[in-house]
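The values are calculated or read from the model by the stated rules, or taken from the named source; none is laboratory data. Given the structure is predicted, the values throughout are model-derived calculations rather than measurements. Don't worry about glycine lacking a Cβ; one is built from the backbone with ideal geometry, like all the others, and counts go over all protein chains shown. Side chains are part of the model used for accessible areas, which takes the heavy atoms of the whole protein and leaves out ligands, DNA and RNA. Shrake-Rupley method; radii C 1.70, N 1.55, O 1.52, S 1.80 Å.
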Amino acid sequence: TDMNPYYDAFIRWQMNKLKALGKIKFGERYTIYSEKDGQACMDHDRQSGEGVTPQEYIGIKIEVTEFAPEAKKIVDSSDALDKSKKIYFVAATLRPETMYGQTCCFVSPKIEYGIFDAGDAYYITTERAFKNMSYQKLTPKRGYYKPIVTISGKHFIGSKIHAPLAAYEELRILPMETVIANKGTGVVTCVPSNSPDDYMTTKDLQHKPEYYGIEADWIKHEPIPIINTEKYGDLIAKAVCEENKIKSPKDTNQLAEAKKIAYKEDYYTGTMIYGKYKGEKVEAAKSKVKSDMIAAGQAFVYDEPESLVISRSGDECIVSLEDQWYVDYGEESWKEQAIECLEQMELFAPEVKNAFEGVLEWLKNWAVCRTYGLGTRLPWDEKYLVESLSDSTI
Ligand code: ANZ
């Protein structure tokens, strides 16, 4: 702080130096943010969640064509809903290239969902997800995320939907008990060809439709081969579940492992065998399908903290798009210099070196300032204070 003019001058010198070298940049970044504090929540401002960064999902817009009776009653009786606008379930996915193979869409019967105004349409998501969206220029008003109505997931079961790119024309909303409430939108689109979780849940629903209160006919769609890998063939989810002898959709740990295997294998060795990019490597096709869907208005980029972040003020943080100054630690040539430098250093223990390497790997855009608290004023933009990690960059 300027209570210590000597140290303050040193930090200002350091910031000017980094800026002159082109290491400090300005622009819109996805940033971990506390609504309560009204500003970015940097590592040192967190009670928990140190090192947590924004995770990017693709929000897939799945159109409701006919609500199940209970949901229909609630929707029809709400005067606040403009009946001429479309309503979409928004599913969060990391696998846009598999959207051809959607066979249904899952909600949790135990989760409360909201119908939210997204401008020219309505979105069905959890409130937590829509709150994040409202800070990412995806909604009419920043920071406004009050649902028009809330509906329990169980009332949506059986609703008819139309999912973008899906080979099957008409799909249903079905129940999945393992949907995590505080991850993504709480809506999970089902791709049983490539997702082990979806494959196991589908099998379970097919075995016990009465138990789940659904009609057998709603879960009749067969998995569609989308991606081929040498090791696991055309239906990787089935192959990986069988290889690992997974018995139930509740084998959470085994399924998490299976998901990782399927993701890696598909991404690094898979070839598309369906759709516009048939014949191309998954690694290349993934971003093309994503861009196509975004351009067509079928999907959008949605970010949230990759795991729970609590600010020192006790607020659960979100991801906000913020204009800010940031240090571009991820820039390749700079990163290489840092790695080279580390190689020459003598460290007490190998774990320390591993830890440094780990940080150099994940550290990318790092916000340099905050708007209040202790710190040195940013020399060229004095409304900001240099946050406490950036002032020790040297
Ligand atoms: C379609 C899909 C196809 C998926 C595929 C996977 C494989 P991580 O790595 O854990 O972030 N998902 C999204 N939200 C969820 C929730 N609230 N509860 C449970 N599962 C959820 O995985 C992201 C994937 O987990 C997403 O990508 C979604 O399923 C599922 F071949 O979408 B995926």
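Brief remarks on what is shown
- Among the candidates E97, E56, residue that is acidic (D, E), within 16 Å of the ligand (Cβ to nearest atom), crowded, with 21+ Cβ neighbours inside 10 Å and within 16 Å of the chain's Cα centre (by Cα): E97
- The range 194-210 - residue that is open to solvent by 40 Å² or more (accessible area, probe 1.4 Å) and not charged (D, E, K, R) and, of those, nearest to K264 (Cα to Cα): Q206
- Some residue of the range 296-308 being farther than 26 Å from A163 by Cβ, at pLDDT 95 or above and either touching a His at 6+ places or on another chain (Cβ under 9 Å) or assigned to a strand (DSSP E or B) (or both): yes
- Taking each residue of the range 210-222 that is more than 22 Å from S195 (Cβ to Cβ) and looking for partners that are part of a loop (DSSP other than H, G, I, E, B) with beta-carbon atoms closer than 7 Å, six or more apart or interchain, yields G213/I157; E215/P209.
- Long-range neighbours under 7 Å by Cβ, at least six apart or interchain, first residue more than 11 Å from V187 (Cα to Cα) within the range 108-129, second of a type in the set (D, E, K, R) and part of a loop (DSSP other than H, G, I, E, B): D120/K85; A121/K85; Y122/K85
- Single condition V327 does not satisfy, out of (1) at pLDDT below 95; (2) open to solvent by 20 Å² or more (accessible area, probe 1.4 Å); (3) not aromatic (F, W, Y): (2)
- Counting only residues that are within 7 Å of the ligand (Cβ to nearest atom) and under 25 Å from E127 (Cβ atoms), the range 193-236 holds 2 of them.
- The set of residues in the range 302-312 being out of contact with any Phe, Trp or Tyr (no Cβ under 6 Å at 6 or more places or on another chain) and surrounded by 14 or more Cβ atoms within 10 Å (Cβ to Cβ) consists of E304, P305, E306, V309, I310, S311, R312.
- Candidates are the residues of the range 177-192 that are closer than 9 Å to V107 by Cα and more than 7 Å from the ligand (Cβ to nearest atom); the one that is least open to solvent (accessible area, probe 1.4 Å) is V187.
- Within the range 39-53, considering residues that are assigned to a loop (DSSP other than H, G, I, E, B) and more than 27 Å from A299 (Cβ to Cβ), the one most open to solvent (accessible area, probe 1.4 Å): E50
- Every condition in (1) over 18 Å from R370 (Cα atoms); (2) part of a loop (DSSP other than H, G, I, E, B) is met by D2 except one, and the failing one is (1).
- Some residue of the range 30-51 being within 19 Å of the chain's Cα centre (by Cα), without any contact (Cβ under 8 Å) to a residue 24 or more places away in the chain and under 18 Å from W362 (Cα atoms): yes
- Single unsatisfied condition, R29 versus (1) surrounded by fewer than 13 Cβ atoms within 10 Å (Cβ to Cβ); (2) not in a loop (DSSP other than H, G, I, E, B): (1)
- Taking the range 250-274 as the range and being within 11 Å of the ligand (Cβ to nearest atom), open to solvent by less than 40 Å² (accessible area, probe 1.4 Å) and touching an Asp or Glu at 6+ places or on another chain (Cβ under 7 Å) as the test, only L255 passes.
- Residue in the range 159-171 that is within 16 Å of the ligand (Cβ to nearest atom) and among the polar types (S, T, N, Q) present: no
- The residue list S287, S313 contains one member that is farther than 28 Å from F156 by Cβ and assigned to a helix (DSSP H, G or I), which is S287.
- Screening K86, K110, K36, K72 for residues that are within 16 Å of the ligand (Cβ to nearest atom), charged (D, E, K, R), modelled with pLDDT of 95 or more and open to solvent by 10 Å² or more (accessible area, probe 1.4 Å) leaves exactly one candidate, K110.
- First in the range 169-188 and within 17 Å of I58 (Cβ to Cβ), second anywhere and within 13 Å of the ligand (Cβ to nearest atom) and part of a loop (DSSP other than H, G, I, E, B), Cβ under 7 Å, 6 or more apart: T185/T126; G186/S108; G186/I111; G186/T126; G186/V179; V188/M176; V188/V179
- Across the range 134-151, the qualifying residues are those that are touching a strand residue (DSSP E or B) at 6+ places or on another chain (Cβ under 6 Å) and more than 20 Å from A299 (Cβ to Cβ), and the one among them that is most open to solvent (accessible area, probe 1.4 Å) is T150.
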